[in-house]
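The values are calculated or read from the model by the stated rules, or taken from the named source; none is laboratory data. Computed from a predicted structure; not experimentally measured. Because the Cβ atoms are built from the backbone with ideal geometry, glycine has one as well, and the counts that use them run over all protein chains shown. Areas reflect the complete protein model, heavy atoms only, side chains present, ligands, DNA and RNA absent. Shrake-Rupley method; radii C 1.70, N 1.55, O 1.52, S 1.80 Å.
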Amino acid sequence: VQLQASGGGLVQPGGSLGLSCVAPGRTFSSSAMGWFRQAPGKEREFVASISLAGATTPYADSVKGRFTISRDNAKNTVYLQMNNLKPEDTAVYYCAASKGTSWDMRTVGGVDYWGKGTLVTVSS
């Protein structure tokens, strides 16, 4: 299963950036979707996830109030809008899909499919 993420880049602290990820229709329509990130020298960590219908959206404490996850089921696409970005948000961001719930995929073990990462760099 191929998840295609895009939208990474360089942004100044306090700026905004949006990521998107397209999944195959069959996978998208049966999966919770989410985002993880991995900074250099650190483990991959959960950022946010969203349930099938979009009603449940768990977030990591570090991004609550700044990041918003959403999905468009007609376009098989999940989005991550990142506002008020900080240097510590610098990481490779990975799109993920889970056959479980949005709560299940708050750990790496709860993810069934991964996309290739997209680099987000927050720097002045």
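Would the range 25-33 turn up any residue that is open to solvent by 30 Å² or more (accessible area, probe 1.4 Å) and not in a loop (DSSP other than H, G, I, E, B)?
The answer is yes; a qualifying residue exists.
Residues that are in a strand (DSSP E or B), open to solvent by 70 Å² or more (accessible area, probe 1.4 Å) and touching a residue at least 24 places away in the same chain (Cβ under 8 Å): does the range 95-107 have at least one?
Within the range 95-107 (the criterion being in a strand (DSSP E or B), open to solvent by 70 Å² or more (accessible area, probe 1.4 Å) and touching a residue at least 24 places away in the same chain (Cβ under 8 Å)), the answer is no, since none of the residues qualifies.
Taking the range 1-24 on its own, how many of its residues are closer than 17 Å to Gln81 by Cα, modelled with pLDDT under 95 and open to solvent by 60 Å² or more (accessible area, probe 1.4 Å)?
1
From the list Val111, Val120, pick out the single residue that is touching a helix residue (DSSP H, G or I) at 6+ places or on another chain (Cβ under 7 Å), surrounded by 15 or more Cβ atoms within 10 Å (Cβ to Cβ) and within 20 Å of Gln2 (Cβ to Cβ).
Answer to the selection: Val111.
Please work out which residue is farthest from Val78 (Cα to Cα), limiting yourself to the range 1-24 and to residues that are part of a strand (DSSP E or B) and β-branched (Val, Ile, Thr).
Looking at the filtered set, the residue picked out is Val11.
Of all residues in the range 47-66 being touching a residue at least 24 places away in the same chain (Cβ under 8 Å) and not in a loop (DSSP other than H, G, I, E, B), which is surrounded by the most Cβ atoms within 10 Å (Cβ to Cβ)?
Looking at the filtered set, the residue picked out is Ser49.
Output the residues belonging to the range 67-94 that are closer than 18 Å to Ala23 by Cα and either of a type in the set (A, V, I, L, M) or assigned to a helix (DSSP H, G or I) (or both).
If the condition is that a residue be closer than 18 Å to Ala23 by Cα and either of a type in the set (A, V, I, L, M) or assigned to a helix (DSSP H, G or I) (or both), then Ile69, Ala74, Val78, Leu80 are the ones that fit.
Quick one: is Val120 of a type in the set (A, V, I, L, M) and under 11 Å from the mean Cα position of the chain (by Cα)?
Here the answer is no, as Val120 does not meet what is asked.
Quick check on the range 34-47. Is at least one of its residues in contact with a Cys (Cβ under 8 Å, 6 or more places away or on another chain) and within 22 Å of Val1 (Cβ to Cβ)?
yes
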